[in-house]
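Just below is one structure, and these are the notes that go with it.
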């Protein structure tokens, strides 16, 4: 069964450094999403992406964040200058249509020191 | 966006049915009711969704009240693997909107 994959599983970085989190969505999906979950808290929507542009973004997704689909398979989340409070699990998800189910990846744990 | 209300936690015994309630009194006509779950240390996982009629799939059943202001996710025989946080989420299909998770219901399954 096809699944969403994410790399790396764990990323440790210094405050102020740039990080890129990578996701490979399910191949015939057209809608892509990033969420984050701070330890012990709820899952928070960051951004949705369709047809090579952002469809919707939350108030968390400020100028420090960007997303890109650089080729036909990868979907990336970049954080330009990481802050301590960016430490969280980041989940990528994809879906065929926006109104149907989203398939989530296993997540990348980002630790900012 | 219409909000949902769920109990913080529930307990069940293994191999017994579990009924997880969700209230959504401000639901609109174009809101679908989605359920996801998150097992420990994993990403959320789709369970089921519906609009008006009750729905069944291999994982669970979804019972939707006639006025659509509440719904119940039914796990017919809980297993230890069903211990997770269960989220009830409304999604408006008239527009491509984001999916907002609440705190969900933490289900504990006792052997």
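FYI, it's all coordinate maths here, none of it is from the lab. Only a predicted model underlies this, so the values are computations on that prediction, with no experimental measurement involved. Counting neighbours? That spans all protein chains shown, and the Cβs are built from the backbone with ideal geometry, glycine included.
At a glance:
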{"quantity": "Length-normalised contact order for chain B - Cα pairs under 8 Å, 6+ apart - percent", "calculated": "36"}
{"quantity": "Packing-based order for A:24-32, A:67-75, using average beta carbon neighbours within 10 Å, highest first", "calculated": "A:24-32, A:67-75"}
{"quantity": "More than 18 angstrom apart: percent of Cα pairs within chain B", "calculated": "45"}
{"quantity": "Per-pair calculated FRET efficiency, R0 = 45 Å: residue B:79 and residue A:20 via Cβ, rounded to 0.05", "calculated": "0.75"}
{"quantity": "For residues of A:93-105, the mean tally of beta carbons on other chains within 10 Å", "calculated": "5"}
{"quantity": "Relative contact order of chain A, pairs being alpha-carbon contacts under 8 Å that are 6 or more residues apart, as %", "calculated": "39"}
{"quantity": "Mean-position separation - Cα centroids, region A:55-83 and region B:71-111, in angstrom", "calculated": "27"}
{"quantity": "Protection proxy ranking of A:43-51, B:34-42, A:1-9 - average other beta-carbon atoms within 10 Å, highest first", "calculated": "A:43-51, B:34-42, A:1-9"}
{"quantity": "Number of partner chain Cβ atoms within 10 Å, mean per residue of B:41-50", "calculated": "5"}
{"quantity": "Contour excess over end-to-end distance, with Cα ends at residue B:41 and residue B:69 and 0.36 nm allotted per residue", "calculated": "6.9 nm"}
{"quantity": "Rg ratio (alpha-carbon, reference 2.2 N^0.38 Å) - the protein assembly as shown", "calculated": "1.03"}
{"quantity": "Two-site FRET efficiency, residue A:50 against residue A:9, from Cβ-Cβ distance with R₀ of 45 Å, rounded to 0.05", "calculated": "0.95"}
